[in-house]
Amino acid sequence: MSIPTSAHTLKKFDEELSTLRDLVLKMGGIVEEQVMRAVDALERGDSDAARAVIERDRDIDRLELRADEEVAQLLARRAPLGVDLRTVLTLSKTVNDLERIGDEAKKIARIAVQLQGSPDDDGIPQIAEVGALSRLALSMLHGALDALVRLDLDRATRVGDEDDALDDAYKSMVATLTGFMSGHPQAVSQAVQVMFAIKALERIGDHSKNISEYVFYLVEGRDVRHPKANPAMQSPDAEPGQP
Amino acid sequence: MNSSASSPKARVKDLSFFYGDFQALKDVSLNVAENEVTALIGPSGCGKSTLLRCFNRMHDLYPGSRYDGQIVLEPENIDLLSPQMDPIETRMRIGMVFQKPNPFPKSIFENVAYGLRIMGEKREAVLAEKVEKALRDAAIWDEVKDRLDNLATSLSGGQQQRVCIARTLATEPEIVLFDEPTSALDPIATANIEELIMELHKRVTILIVTHNMQQAGRVSRYTAFMYLGELVEFGETEQIFTNPLKEQTENYITGRFG
C-alpha cells in the first residue's frame, strides 16, 4: 500500500509531523558527524577533537528531549491512526536509537582521550583497522537514515545485509586483538580500550539496522524485527523487502 | 475479511437499497460476527445508517424504498428482508437504539415493559423480573430501582439512553443496532454507554454506526468503512486502524479528506 501523499485537512497536523521529521533528520545528521569525528579522533590520537565530540553529545540529548515531547503531543492531541500512527511510532523509536548511537560515539571519543593520555611503547596496530570497521557502520547509519527519509525498502534491506558484513568484520577484529594481547601483555589495557571502541561500532551497526527495520513498519505495516521470535516471519517467503 | 474467530450472526448478501430512484447502497456484502461489536464508519451520506436500518426493516415505514439482496439471520438461515418476514417480529429480534434518547412519556418501568406487553406478557411478576434484568443489563438498575414509577423523561440524557437500551434488551433481541448512540451525550455518559456495550456484546450481537472513529476503535472488534453507498473495506478493527488496505480507508481514518 502506498503512503498517502495528500495533506491532512487539519494543516497543523502536517506541520507537527514535519517538525518531528525535521528533528529526527537533524539528530541523524549530528549523530553521523559525531561517529565520524570520534573515530577520526581515535585514529589520529587527537584528544581535543575527541573532547569536542563528548561536549557535543549534549546537542543530541536536547534533540531527543524535544522529539519525545513532540511525540507525546502528537499522540495526545492528534490520536494518529494508520500511516500517521506508524510514522509517529517509527520516528519515536528512531530517536531512541539515534540517541544510543550518539552515546556510542561519545564512548569512542572517551577512549580516544584515554589512549592519547597513556604512555605507550607499542602502538596498537588495530587502531588503523577501526577506520575500516567504522566505514561499514557509517554506511549502515547513513543508509538507514536515507531509507527512512525516502521510504526506500530496498535501501533498508541492504542495511540488513551490511550488518552481516559488519558482524563478520567485528568478530575478525576481536580475534586479531585477542591474538595481539597474548603477544603483548604490556599493551593489554590499551588493547582492551580498542576492543571497547570496536564494540561501540558494532552497537552502532545494530542500532542502524533497527532503524532500517522500522522503515518496513512505516511503509507496509509489517514488523520485520526478530525473525526467530516473530510469528509473522515464520513463513519461508517472509523476508524483508519481499511481498 | 477475516471473521473466522466468530461465526456470523447475520450475512449481508449483495444488498442494494433504493430511495425511489436513488441507490443508497450498492451491492454490499459482509458478515456480522456473533457476539461481537461491528462498527460502520464513513462520511455523511456513505450509507452506514441506511445499511443499519435494513436490519430492522425501518425503511418499510417509508413508501418508495426498495431492498434488493438479502440479510440472512443465522442459525435459522432466514432472510430478514423477505416480504414473508413480519417487520414487527423482526423488530422484536433486532433491537435499535437511536442517537437521541427517545424514552416514551411513561414511567421507567412502563418504558422497559412496553415491548413485553406488546408480545402478550401480562403476568406482573414476570414483567417485574424481566424489567429488572433489562435495567441491570443496561447498567442502570441501581440508579432507578427506587423510582421505577418516575417518568423516564425526568432522567438525565445518559440515563435516558440507558433506559432506552433496557427497553430494547427486554425483548431479548439477538442483534442490537446502535445508531450513533452517544453523539448527544457528554464524555462521562459516553464512557458509561461504551462500557455497557463492551459487556453487552458477550450476550448479544452488536452493530454500531458512529461518526466518532475513536469510539469505533474503542468498542468494536470489526469495522466496515463505507463510502458513497459502497463497502470499501471490512476487517478487524486493529488492522483497519493501524494498516488499512485501501487508500480511501487510510485517507478517511487519518483525516485526509481532500
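Cut-off under 20 Å on the C-alpha distance; same-chain residues fewer than 8 positions from B:Lys133 excluded. Which aspartates and glutamates are left, in chain and number order?
Partners found: B:Glu110, B:Glu121, B:Glu124, B:Asp142, B:Glu143, B:Asp146, B:Asp149, B:Glu172, B:Glu174, B:Glu194, B:Glu195, B:Glu199.
With a ≥ b ≥ c the root eigenvalues of the C-alpha gyration tensor of chain A, is it rounded (a/c under 1.5), prolate (a/b larger than b/c) or oblate?
In terms of gyration-tensor shape, oblate.
Dipole size in debye (nearest 20) for the stretch A:12-223 around its Cα centre, Lys and Arg Cβ +1, Asp and Glu Cβ -1?
360
Fewest first, what order do B:Ser44, A:Ser6 take by the number of other Cβ atoms within 10 Å? Let's see the in-between values first.
Details: B:Ser44 7, A:Ser6 12.
So the ranking, lowest neighbour count to highest, is B:Ser44, A:Ser6.
Cα gyration tensor of the stretch B:53-138, axes a ≥ b ≥ c as square roots of the eigenvalues: rounded (a/c below 1.5), prolate (a/b > b/c) or oblate?
Prolate, since a/c reaches 1.5 and a/b exceeds b/c.
Which one of B:Pro75, B:Val37, B:Thr90 is farthest out on the positive end of the charge dipole of chain B, using unit charges on Cβ (Lys, Arg +1; Asp, Glu -1) and the Cα centre as origin?
B:Thr90
Please figure out what share of the DSSP beta bridges in the protein assembly as shown is antiparallel and state it in percent, rounded to the nearest 5.
On the way: 25 of 42 bridges.
About 60 percent, rounded to the nearest 5.
Taking each residue in A:80-87, count the Cβ atoms of any other chain within 10 Å of its Cβ, then average. What number comes out?
6
Taking a 30 Å limit on the Cα-Cα distance, which of the listed pairs A:Lys12/A:Lys106; A:Lys12/B:Lys100; A:Lys12/A:Lys107; A:Lys93/A:Lys171 fall beyond it?
Listed pairs above 30 Å: A:Lys12/A:Lys106; A:Lys12/B:Lys100; A:Lys12/A:Lys107.
I'd like to compare A:202-215, A:128-141, B:224-237: which one has the highest average count of other Cβ atoms within 10 Å, and what's the full order after that?
A:202-215, B:224-237, A:128-141
Throughout, read-outs are computed from the coordinates displayed, never taken from laboratory work. As the structure is a prediction and not an experimental result, all values here were calculated from the model. Note that each Cβ is placed from the backbone with ideal geometry, even for glycine, and that neighbours are counted across all protein chains shown.
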